[in-house]
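*Asks:* I have a structure I would like to understand better, so I am pasting it below and will then ask my questions one at a time.
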Amino acid sequence: MVKSTQKFMVEELDRLRRVGLYNKIKTIESPQGAWLRIDGKSVLNLCSNNYLGLANHPVLIEEAKKILDEFGVGPGAVRSIAGTMSLHNDLEKLLAEFKNVEATFSVQSGFVANQAVIPSVGADAIFTDSLNHASIIDGVRLTKAKRFIYAHNSMEELEERLNEGKEHKRKLIITDGVFSMDGDIAELDEIAKLASEHEALLMVDDAHGEGVLGSHGRGIVDHFGLGHNDVDIDVGTLSKAMGVVGGYIAGSQLLKDYLEQKGRPFLFSSATTPPDVAASIAAVKLLMKDDSLVRKLWSNAGYFQKGMKDLGFDIGITQTPITPVMLGDAKLSSTFSKKLLDEGVFAMSIGFPTVTKGAARIRTMLSASHSIEDLDYSLEKFEKIGKELKVIS
Ligand SMILES: Cc1ncc(COP(=O)(O)O)c(C=O)c1O
């Protein structure tokens, strides 16, 4: 019996089911990897952000186990109140070296990093790309700044908005580095020029560029040959290519000192656990030493994307291993995804509100952990279902 005060939830869930937007979350019964077990069945994984296959890497597991014995399972409390573990400091120093910045400031996740930095900066005008990630949107919502939303990756519109908002004192431009639903890359070099001309702070969320773009996966700032004089705030996550969990903000020592006093998720929420930090340190060290996983990721992406285009699929405007298969209709997309799963391929359908209405797609994520046989298997299944559903001929 549903309480009358909760009836609105039933109605909304029914509506989502009717329009094909109800997300039934799958239970994964195995570690992360190229193949997963779902409902007792082995399926090829084209869903996770485990770009480099590090989520179940033996070196990361070993390091996490060692630290588990030495430091235990929990951080105890909020770092600013109960003291910070040396481990978190070690991670921040290593990340600063990796990102070629003065300092980094680590928090519990990439999402949290955006909630920590955006309101702290205290901008009175925020210029934000229309396709920025939900965690940026929510970070902006926590401020009282005037919002200037510019059309996706349009430098003309960004410039127009900056001119409109020129009377504002403290301006902040925010962009995703790699856009997570389309896989295209922000024109960060052009944005940096505009930021400098208009004396605005520049922030990039590099969640999908980390471990993917730049030398040894150093990310989008490195990819464009920019420095942290050009990009003030570089937000990273340890939960995608790095295979663990956690987030951080890279930039100047001044920014770190400031965030340690102002970043509310740092001041009022506990830190990541010792094993998380140990595994993250191991991931960064591995990447600094050897870029073979980054190269494998890109060769897998190239192979799969060429295969999909040759089959006649529309893979949108991607420039990275994120490969959307554009289907348009939400119901078609969810039917396609269900049929793929029946055929042993796990690839999620994504619809409104994550993407705009009429732009539903299956978002496939390539990983260095895939073999060519895995990619051939998925291409074969996409071809079979694409023909069955008349998406390709
Ligand atoms: C652009 C972007 N920023 C931030 C996040 C959140 O990262 P995390 O999973 O570490 O909270 C995501 C995750 O999907 C993302 O795509």
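*Asks:* Tell me, what ³J(HN,Hα) does each residue in region 357-371 have, in order and in whole Hz, if you take phi through Karplus 6.51 cos²θ - 1.76 cosθ + 1.60 with θ = phi - 60° and put x for Gly and Pro?
*Replies:* Listing the rounded values in order: 4, x, 10, 5, 7, 9, 9, 9, 10, 8, 9, 5, 7, 6, 9 Hz.
*Asks:* Under a Cβ-Cβ cut-off of 15 Å, what is the net charge of the residues other than P275 that fall near it, where Lys and Arg count +1 and Asp and Glu count -1?
*Replies:* Net charge around P275: -4.
*Asks:* A further question follows. How much of the DSSP beta bridge set in the chain is antiparallel, as a percent to the nearest 5?
*Replies:* Working: 23 of 43 bridges.
Percent antiparallel among DSSP bridges in the chain is about 55.
*Asks:* Then there's this: What does the helix-only formula give at 222 nm for the chain: each DSSP H stretch with n ≥ 4 adding -39500 (n - 2.57), the total divided by the residues, and the result rounded to the nearest 500 deg cm²/dmol? Before the final figure, lay out each step's value.
*Replies:* Working: 15 runs with 168 residues, N = 393.
Computed ellipticity for the chain at 222 nm equals -13000 deg cm²/dmol.
*Asks:* Which of the aspartates and glutamates could a cross-linker bridge to K65, judged by Cα under 19 Å and excluding same-chain residues fewer than eight apart?
*Replies:* Leaving aside aspartates and glutamates fewer than 8 places away in the same chain, those within reach of K65 are D90, D276.
*Asks:* Let me ask something additional. Residue by residue through region 49-65, what is 3J(HN,Hα) from phi via Karplus (6.51 cos²θ - 1.76 cosθ + 1.60, θ = phi - 60°)? Round to whole Hz and write x for glycine and proline.
*Replies:* 9, 7, 3, 9, x, 7, 4, 10, 7, x, 5, 5, 5, 4, 5, 4, 5
*Asks:* Shifting gears a bit: If you keep only loop residues by DSSP, which trypsin sites (Lys or Arg not before Pro) in region 139-211 have at most 14 other Cβ atoms within 10 Å of their Cβ?
*Replies:* Sparse-neighbourhood loop trypsin sites (Lys or Arg not before Pro): K144, K166, K169, R170.
*Asks:* Please identify, among F98, F268, F127, the residue showing maximal mean-square fluctuation in a Gaussian network model of the chain using a 10 angstrom Cα cutoff.
*Replies:* Looking only at F98, F268, F127, the largest GNM fluctuation is found for F268.
*Asks:* Here's another thing I want to ask about it. How do D182, D14 rank when sorted from fewest to most other Cβ atoms within 10 Å of their own Cβ? Don't skip to the end; give the middle numbers.
*Replies:* Details: D182 25, D14 11.
Placing the least packed residue first, the sequence is D14, D182.
*Asks:* Let me ask you something else. Going highest first, how would you order 370-380, 33-43, 270-280 by mean Cβ packing within 10 Å? Working shown, then result.
*Replies:* On the way: 370-380: 16.6, 33-43: 14.7, 270-280: 24.2.
For the peptides 370-380, 33-43, 270-280, the packing ranking is 270-280, 370-380, 33-43.
*Asks:* For region 1-157, would you read off the P(r) tail past 21 Å as a percentage of all alpha carbon pairs?
*Replies:* 72 percent
*Asks:* Rounded to the nearest 20 Debye, what is the dipole magnitude of the chain about its Cα centre when Lys and Arg each give +1 and Asp and Glu each give -1 at the C-beta? Each step should come with its number before you reach the end.
*Replies:* Details: 45 positive and 53 negative charges, 303 e Å.
Around 1460 debye, computed over the chain.
*Asks:* Could you tell me which of the pairs K24/K309; K306/K381; K24/K384 are separated by over 22 angstrom between their Cα atoms in the structure shown?
*Replies:* Where the Cα-Cα span goes over 22 Å, the pairs concerned are K24/K309; K24/K384.
*Asks:* Then there is this: So which chymotrypsin sites (Phe, Trp or Tyr not before Pro) in region 310-360 are both in a DSSP loop and have at most 10 other Cβ atoms within 10 Å of their Cβ?
*Replies:* Those that pass, being in a loop and sparsely packed, number zero.
*Asks:* When the chain is treated as a GNM, springs tying every alpha-carbon pair under 10 Å, which of L202, L68, L46 comes out with the largest mean-square fluctuation?
*Replies:* Among L202, L68, L46, the largest mean-square fluctuation in the Gaussian network model of the chain belongs to L68.
*Asks:* Still on this structure: Take the eigenvalues of the Cα gyration tensor for the chain, scale each by 5, and report the square roots as semi-axes in whole Å, largest first. Before the final figure, lay out each step's value.
*Replies:* Details: eigenvalues 216, 142, 101 Å².
Semi-axes (√(5λ), whole Å): 33, 27, 22.
*Asks:* Ok, one more. Lysines near K240 by alpha-carbon distance under 17 Å, same-chain residues fewer than 8 away left out - which ones?
*Replies:* In chain and number order, the partners are K99, K285, K296.
*Asks:* Near F71, within a Cβ-to-Cβ distance under 12 Å, what is the net charge of the other residues, with Lys and Arg +1 and Asp and Glu -1?
*Replies:* Result for the local shell: -3.
Quick note: the coordinates plus some simple rules give every number you see, no bench work behind them. No experiment lies behind these values; they were computed from the predicted model shown. Virtual Cβ from ideal backbone geometry, glycine too; neighbours counted across all protein chains shown.
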